Every structure is written in C-alpha cells, then in structure tokens.
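Okay, structure first, notes after.
The values are calculated or read from the model by the stated rules, or taken from the named source; none is laboratory data. Bear in mind that the values here come from a model prediction, so they are computed numbers and not experimental data. As a convention, Cβ positions derive from the backbone with ideal geometry for all residues, glycine included, and neighbour counts pool all protein chains shown. Note: accessible area is taken over every heavy atom of the protein model, side chains too, but ligands, DNA and RNA are not part of it. Shrake-Rupley method; radii C 1.70, N 1.55, O 1.52, S 1.80 Å.
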Amino acid sequence: MKSSQTSHPDDGVLLEVKDLTVRFRTDVGHVQAVNGITFSLEHGEVFAIVGESGSGKTVTGKAIVGILPTPPAEVTGGEVCFRGVDLLELDSRSRRAYGGERISMVFQDALTALDPRYKVGHQIAELFRFHRGLNRSEAWQKAIQSLDRVGIPAARERVSDYPHQFSGGMQQRVLIAMAIALEPEVIIADEPTTALDVTVQAQVLELLQELRAELNMGLILITHDLAVAAEAADRVAVMYAGRIVETGSISDVFGIPHHPYTLGLLGANPRAEKRSAGDLYQIPGQVPDLTDLPDGCAFAPRCSFVGERCRAELPTLRPTTAESRCSACHFAEKVAKHAV
C-alpha cells in the first residue's frame with residue numbers, strides 16, 4: 001500500500017517545516033507543545049509522524065494548516081514553507097486561501113468534526129461555493145461527485161443525509177471527501193483510523209493511498225499506531241515531548257531504531273506472538289511536564305541508556321548512518337547495536 005516510485009512532473013520538495021515552535025498559554029505557565037521541529041514532504045510521499053498522545057503530533061498538523069486557536073496557542077518561531085512560500089508570514093486572509101484548497105486536514109474524530117446540524121452534502125458544497133464561487137446547484141453536484149469519489153454507495157441519495165446516519169467508517173470517508181474536494185497538494189490525516197475496526201482501517205488507508213497516487217499529493221499521516229505507519233508510510237518522524245527524536249525511512253527506523261524511545265515504542269507494540277499482557281513491554285516513568293522541560297534530554301528519566309551527558313546537554317537531531325537517517329540521542333550508535 002506504500003507509495004510508488006513512479007516519476008511525476010512535480011516530483012520534489014513540496015512542504016518544508018523548519019524549527020517550528022508552538023506553545024500554549026495556561027494558568028500554570030507556557031506549555032511547550034512543539035519545540036523546534038524540522039522535516040520535509042515531497043510530492044506523492046507518505047510521511048508518518050508517530051508518538052504517544054501529547055507528543056505534539058496534532059499540534060504540528062494544525063500549525064501547518066493554520067487552524068490553531070490563538071489564543072491560547074502561539075507559534076513562536078520557525079517556518080512552514082509551501083512551494084517556497086512561508087505560510088507563517090502571510091496575513092490571515094492570505095493564509096485562509098491555502099487552507100482546504102492547497103493544504104487540507106482529515107480530523108481524527110469524524111463525529112465531532114462534522115456538524116450534526118447540516119447535511120453532509122451542504123458541508124462539502126460550502127467548500128466549492130467559498131473557494132470556487134459555484135452556485136448552490138453546481139456545488140451540490142460537486143458534493144455528490146466528492147462522495148462518489150471516496151466510495152460512498154448511492155452518493156446521490158446519501159448526500160442529503162446527516163452525519164449521524166453514517167457508520168464510523170462512512171463518516172471517515174465523508175471527512176476524506178471534504179479534505180480532497182478541492183484537490184489539495186498536501187493532506188494531513190490525523191489519526192484517520194482511530195476507533196475503526198481492522199477491516200475498515202484497511203479500507204480507509206487504501207482509499208488515502210489511491211487518492212494520493214491519483215492526485216500526486218503529499219500525505220502526512222499522524223498516528224500513534226505503529227502498524228498503520230509501517231503499512232502506509234515511506235518515511236517516519238518519531239516525536240517525544242514536542243521534539244522529533246528520530247527520523248528516516250520506515251524500514252530503517254522500525255528495523256533498527258537509533259533512539260531509545262523508538263526502541264521502547266516498538267517493544268510496547270502488541271504483536272501476535274505476545275500471548276499475555278505480562279509479555280508486553282512498558283516504557284517506565286511518565287512523560288515530562290511540558291511547562292518545565294529539563295535542560296538535557298527529556299527522555300533521560302525514562303531511559304536505560306542514560307548518562308550524565310544526557311541530563312546536562314540537549315541532544316540535537318543528527319545524521320547517524322546516512323544523511324536521511326537521524327537521531328537525537330548522544331548514544332544512538334549504542335542503541336542501534338542493542339536493537340540488532
């Protein structure tokens with residue numbers, strides 16, 4: 001199901017995120033949700049961002065699209081460059097022109113993301129009216145086409161249904177229909193398979209892959225499910241406490257991890273050969289307080305490879321075996337030997 005290597009005229013870097021930093025103002029201080037992350041996305045590529053809940057994955061996606069609630073959220077640094085244009089430098093009106101039309105997002109909770117007061121056709125048609133200037137009849141026909149495109153049976157009849165009249169898998173397809181309606185060049189899918197059974201998960205992932213290939217779009221897949229990332233993605237970034245701690249190809253990172261957090265995630269991932277809960281590895285300790293991050297490595301209190309340097313010096317994301325394979329660990333080579 002992974003993306004093919006077929007060449008397209010638009011092959012190359014589509015989106016670049018550089019040193020992105022996002023914080024939230026709270027009553028107890030500033031929560032450093034995203035802390036200087038950097039990555040790129042190419043045409044036709046599937047790039048996964050994985051990590052525990054609260055690691056900064058969804059905040060990253062929303063910052064790229066420009067839909068963070070401000071306040072309390074505040075983008076305090078970095079760049080989000082789409083085709084060479086830094087979206088963070090645009091005024092709100094110009095930024096909105098990119099949302100939906102050039103960069104779109106599939107949200108993780110379909111029932112919450114869809115407005116229960118309106119028919120699904122109305123919610124899709126509004127995109128065509130706002131961005132394309134179509135009249136009601138024309139926009140309604142486009143909504144039908146969008147539902148048909150994502151494989152919803154009897155789209156002409158179902159376009160008049162409300163969100164609660166669809167199953168969870170069909171609701172997810174409606175969200176995808178909204179996301180791809182204007183044929184964006186980048187889609188950010190935030191936990192698109194959460195709460196779906198295995199069969200429906202596979203169908204949703206296959207649909208996203210088919211649309212990615214058809215439109216030659218870049219797909220950022222945000223997920224805590226390592227199996228989903230392994231099945232769908234070309235490259236992966238592992239996030240912990242607002243930072244990217246490891247990145248590289250799926251086969252490299254999941255094959256031989258170069259960061260102890262990645263190693264722990266893979267060890268905690270349920271597999272068929274693990275017969276009981278007692279066989280399942282658990283990463284010790286708790287995630288750090290994002291209002292008071294330590295000077296050194298945020299994973300140090302939970303790490304079995306920790307040294308004095310880890311507590312005193314923040315490790316930077318550096319190449320290990322190749323330029324495209326990076327780890328933010330002082331002892332990456334030691335971790336890699338342990339993982340073999």
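For every residue, the table says whether it meets (1) in a helix (DSSP H, G or I); (2) closer than 29 Å to residue 236 by Cα; (3) touching a Leu at 6+ places or on another chain (Cβ under 8 Å); (4) open to solvent by 50 Å² or more (accessible area, probe 1.4 Å).
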| position | (1), (2), (3), (4) |
| --- | --- |
| 140 | yes, no, no, yes |
| 174 | yes, yes, yes, no |
| 183 | no, yes, yes, yes |
| 196 | no, yes, no, no |
Any hit, region 287-301, residues being buried (at least 18 other Cβ atoms within 10 Å of the Cβ), aromatic (Phe, Trp, Tyr) and more than 15 Å from the chain's Cα centre (by Cα): yes
Residue 117 being modelled with pLDDT under 85, open to solvent by 80 Å² or more (accessible area, probe 1.4 Å) and basic (Lys, Arg): no
Unmet criterion (only one of (1) modelled with pLDDT of 95 or more; (2) under 23 Å from residue 208 (Cα atoms); (3) not β-branched (Val, Ile, Thr)) for residue 157: (2)
Residue that is modelled with the highest pLDDT, among those in region 28-82 that are polar (S, T, N, Q) and open to solvent by less than 20 Å² (accessible area, probe 1.4 Å): 60
First in region 289-308 and without any contact (Cβ under 8 Å) to a residue 60 or more places away in the chain and in a loop (DSSP other than H, G, I, E, B), second anywhere and among the basic types (Lys, Arg) and open to solvent by 30 Å² or more (accessible area, probe 1.4 Å), Cβ under 9 Å, 6 or more apart: 294/311; 295/311; 296/309; 296/311; 297/309; 297/311; 298/243; 305/334
Any hit, region 316-333, residues being at pLDDT below 95, among the small types (Gly, Ala, Ser) and over 24 Å from residue 18 (Cα atoms): no
Candidate set from region 198-227 (those that are within 27 Å of residue 87 (Cβ to Cβ) and of a type in the set (Gly, Ala, Ser)); member that is least open to solvent (accessible area, probe 1.4 Å): 218
